[in-house]
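Have a look at the structure below, then the notes.
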Amino acid sequence: MQGTRKVTDDIVWVGCNDRRLALFENLFPIPRGVSYNSYLIMDEKVTLMDTVDASVTGQFMENLEYVLAGRGIDYLVVQHMEPDHCANIEELMKRYPDMQVVANTKTVQMIHQFFDVESDGKVTLVKEGDTLSTGEHTLRFVMAPMVHWPEVMVTYDEKDKILFSADAFGTFGALDGNIFNDEIDFERDWLSEARRYYSNIVGKYGAQVQSLLKKAAALDVSMICPLHGPVWRTSLDFFIDKYDKWSRYEPEENSVVLIYGSIYGHTEAAVNSLACRLADAGVKGIKVYDASSTHVSDLIAEIFRSSHVVLACATYNGGIYPPIENLLSDMKALSVQKRTVALMDNGTWAPAAGKMIVKRLEEMKDITVLEQLSIKSVLREDRADELEAFVRKIVEAM
Ligand code: FEO
């Protein structure tokens with residue numbers, strides 16, 4: 001049975017959901033699943049905008065056949081070659097032998113890397129600014145390298161002012177029938193997953209996202225159709241503003257996220273004391289996370305959200321407790337910057353994690369290391385003044 005939604009009179013969402021996949025990219029937990037969006041433009045020439053992941057091929061083909069109702073596909077626009085979108089290219093080339101694959105040079109190279117297909121006479125090569133008329137619609141292609149792979153391009157439909165945005169403006173989370181942003185409470189129910197998707201999937205490529213936003217700003221966009229998550233047809237500025245902040249590595253909120261790595265709970269106890277004192281000092285929106293039980297992708301998303309971070313870490317094997325070490329590696333890999341970080345470290349005989357964390361933070365761009373409080377096993381009441389001074393430093397920096 002098909003499951004499709006009309007986006008406009010002649011554009012249909014033919015995407016699919018996967019609620020069984022545990023780890024996106026075999027890495028990121030997706031408890032709410034993920035959608036793989038694909039769109040059919042039913043013009044004089046029929047155009048398909050990307051395909052879907054191999055896990056949902058059966059549903060995708062049913063959706064396509066229902067909307068096509070016996071027509072063929074004239075063009076398949078391939079905006080991104082990551083397998084969550086490109087998995088069905090070979091199958092579609094077999095089913096629709098007259099179909100032209102519309103792609104740039106890098107994309108064609110990747111098609112041959114992934115698939116054993118003959119592309120002579122079957123590819124329409126496009127580059128920045130090229131257009132394709134499908135009848136009433138004119139599609140204009142805009143290159144968006146590294147958002148999130150080098151071959152990525154987005155497509156602007158001049159007729160309906162739609163930006164088919166590839167991974168940009170995507171989110172984790174399956175679509176529950178309500179595919180449009182105005183059918184859901186995005187800020188309440190989706191924003192945290194959108195932030196986690198952005199910061200972990202595209203976060204490294206802020207400069208490239210900024211380039212794409214500048215190109216998009218020159219277009220008159222009334223709808224955004226991404227490859228994951230809701231279609232945006234109202235309040236576009238809300239999400240564009242989030243993307244602008246995230247890609248400039250500017251925090252959304254002036255607040256503190258406290259992340260600890262604690263072996264037996266003593267470092268955690270110190271963090272709880274600190275959190276209460278920060279709250280007493282008037283800080284709102286404080287969040288505390290255990291790095292051992294919180295997936296690193298959630299920690300990264302929270303660091304993207306918040307202006308100030310406290311890292312509290314036990315010393316382990318003479319070094320950094322592994323979950324915090326993992327977080328630091330991810331922060332560097334994802335180009336986290338423009339944050340103020342205060343440190344607590346703990347060690348029963350030789351606290352060493354603090355110094356090592358400072359070194360790691362210094363390797364990152366534009367990170368201010370504020371203060372360090374070293375603990376020997378347990379933070380006791382006789383150090384209350386030091387803790388207060390630590391709190392004051394953080395609050396003064398906010
Ligand atoms: Fe959704 Fe980069 O693929």
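With r defined as the distance between the Cβ atoms of residue 338 and residue 214 and R0 fixed at 22 Å, what FRET efficiency is calculated, to the nearest 0.05?
The calculated FRET efficiency here is 0.65.
How far apart, in nm, are two points set 7 Å out from the Cα along the Cα-to-Cβ line at residue 185 and at residue 2?
Taking the two extended label points, one gets 3.3 nm.
Starting from 0.36 nm per residue, how many nanometres of slack lie between residue 237 and residue 287 once their C-alpha separation is accounted for?
Result: 15.3 nm gained on full extension.
Take residue 113 and residue 359, extend 7 Å from each Cα along the Cα→Cβ direction, and tell me the distance between the two endpoints in nm.
3.5 nm
At a 10 angstrom cut-off on C-beta neighbours, averaged per residue, how do the peptides 233-241, 255-263, 270-278 rank from highest to lowest?
Listed from highest to lowest mean packing, they are 255-263, 270-278, 233-241.
If I model the chain as equal point scatterers sitting on the Cα atoms and use the Debye formula, what is log10 I(q)/I(0) at q = 0.06 Å⁻¹?
Reported log10 I(q)/I(0), two decimals: -0.29.
Based on alpha-carbon centroids, what's the gap between segment 112-190 and segment 63-84 in Å, whole number please?
12 Å
Quote the relative contact order of the chain in percent (integer), defining contacts as alpha-carbon pairs under 8 Å separated by 6+ residues.
Reported as a whole number, the value is 11 percent.
With the Cα gyration tensor of segment 49-140 in hand, give its eigenvalues times 5 under a square root as the equivalent ellipsoid semi-axes, listed largest first in whole angstrom.
Ellipsoid half-lengths, sorted descending, are 19, 17, 12 Å.
Check which residues have an amide H placed less than 5 Å from residue 320's amide H, if you skip close sequence neighbours.
Under 5 Å from the amide H of residue 320: no residue qualifies.
Of the DSSP beta bridges with both residues in the chain, give the percent that are antiparallel, rounding to the nearest 5.
40 percent
Add +1 for every Lys or Arg and -1 for every Asp or Glu among the other residues with Cβ under 13 Å from the Cβ of residue 117, and state the total.
-2
For the chain, which whole percent of the accessible surface, found with a 1.4 angstrom probe, sits on carbon and sulfur atoms?
48 percent
Residues of the chain: accessible area per residue at 1.4 Å, in Å²?
42 Å²
Taking 0.36 nm per residue of sequence separation and subtracting the Cα-Cα distance, how much length would be gained by fully extending the chain between residue 378 and residue 158, in nm to one decimal?
The residue 378-residue 158 span can extend by a further 72.8 nm.
Assuming a ≥ b ≥ c are the square roots of the Cα gyration tensor eigenvalues, decide whether segment 280-376 counts as rounded (a/c under 1.5), prolate (otherwise, with a/b larger than b/c) or oblate.
It is rounded, given that a/c, with a ≥ b ≥ c, falls under 1.5.
Assuming 0.36 nm per residue, please report the length gained on full extension of the stretch residue 146 to residue 329 beyond their Cα-Cα distance.
Length gained, residue 146 through residue 329: 63.8 nm.
Compare the peptides 118-126, 168-176 by average per-residue count of other Cβ atoms within 10 angstrom and give them in order, highest first.
168-176, 118-126
Work through the residues other than residue 55 whose Cβ is under 12 Å from its Cβ and net out their charges, Lys, Arg +1 and Asp, Glu -1.
That sum, taken over residues with Cβ under 12 Å, equals -1.
Compare the peptides 43-54, 286-297 by average per-residue count of other Cβ atoms within 10 angstrom and give them in order, highest first.
Peptide ranking by packing, descending: 43-54, 286-297.
Which of the three applies to segment 63-214, rounded, prolate or oblate, going by the alpha-carbon gyration tensor with a ≥ b ≥ c and a/c under 1.5 meaning rounded?
Cα axes put segment 63-214 in the prolate bin.
The values are calculated or read from the model by the stated rules, or taken from the named source; none is laboratory data. What you see is a predicted model; the values in this text were computed from it and never measured. All Cβ positions, glycine included, derive from the backbone under ideal geometry; neighbour counts span all protein chains shown. Note: accessible area is taken over every heavy atom of the protein model, side chains too, but ligands, DNA and RNA are not part of it. Shrake-Rupley method; radii C 1.70, N 1.55, O 1.52, S 1.80 Å.
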